[in-house]
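Report on one structure; see the data block that follows.
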Amino acid sequence: MGRADDITKEYVRRNYIFADLFNFFLYNGEEVIKPEHLREMDITEIALPFGNGKDLSVQKLRDVLKILQVMKDDEAIFVLLGTELQTDIHYAMPPKNMLYDAIKYVEQVSTIARVHKEKRDLSGDAFLSGFEKTDKLIPIITLVVYFGSRKWDGPLSLHEMFTTKNTAL
């Protein structure tokens, strides 16, 4: 990790900057996300998908991750907001973000499954997955902020990376 990465992470980690970025890109600059509603989260993403994890474990470090908690109609609403800060163009950015988000969703499912297991309150299909039809996940929004000097010419979505031609897989 270079000095520029350290500086941009430290800058964006400030709640008022973080909120400003998301408000600009999601709400055209309107102050919907307030800095005081953000709380820093652990940036380490670890997944042990479908097995004991010896050969399949994945560990990634997201740049900045915060949880947003707001009250709406007397109910707490939660959203996870993550940033990836780029000083260089990353041509595989959409799958990289998808992996970060998927790991965090799997972590949420595992936590819910662990609670159900402790309660022993599942049967049938829900018992096999550890997840009930009525269980819900906290949504995740990942924003890429590019600080480089060249115009970004990488894909903005996973869709832009798809092909139906046979490549060298």
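Just so you know, all these numbers are worked out from the coordinates, no wet-lab data involved. These figures come from a predicted structure and were not determined experimentally. Every residue, glycine among them, receives a Cβ derived from its backbone with ideal geometry; neighbour counts consider all protein chains shown.
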(request) Hey, can you grab everything whose amide H is under 5 Å from the amide H of E84? Only 5+ residues off in sequence or another chain; H modelled, so Pro and N-termini drop out. (result) L143, V144, V145
(request) Quote the FRET efficiency, to the nearest 0.05, computed for S110 versus L61 with a Förster distance R0 of 22 Å and r equal to the Cβ-Cβ distance. (result) 0.70
(message) Can you compute the modelled spin-label distance between K117 and M98, with each label point 7 Å from Cα toward Cβ, in nm?
(response) 2.8 nm
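Can you list the trypsin sites (Lys or Arg not before Pro) in the range 67-164 that are in a DSSP coil and have 10 or fewer other beta carbons within 10 angstrom? All intermediate terms of the calculation are to be shown ahead of the outcome.
Values: sites: K72, K96, K104, R114, K117, K119, R120, K133, K136, R150, K151; in loops: R120, K133, K136, R150, K151.
Sparse-neighbourhood loop trypsin sites (Lys or Arg not before Pro): R120, K133, K136, R150, K151.
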(request) Report the label-to-label distance for D73 and Y91 in nanometres (one decimal), using points 7 Å from each Cα along the Cα→Cβ vector. (result) 4.7 nm
(request) Rounded to whole Hz and in sequence order, give me ³J(HN,Hα) for the range 153-158 from the Karplus expression 6.51 cos²θ - 1.76 cosθ + 1.60, θ = phi - 60°, writing x for Gly and Pro. (result) 10, x, x, 9, 8, 5
(request) Can you check how the C-alpha radius of gyration of the range 101-169 compares to 2.2 N^0.38 Å, as a plain ratio? (result) 1.75
(message) Here is the link list: K66/K104; K60/K96; K60/K133. Which ones come out longer than 19 Å on Cα distance?
(response) K60/K133
(request) Using label points projected 7 Å from each Cα along Cα→Cβ, tell me how many nm separate A4 and M41, to one decimal. (result) 2.9 nm
(request) May I ask for the net charge around L80, where only other residues with Cβ less than 9 Å from the Cβ of L80 are counted and Lys, Arg are +1 while Asp, Glu are -1? (result) +1
(message) Quick check: from the Cα gyration tensor, does the chain come out rounded (a/c under 1.5), prolate or oblate?
(response) oblate
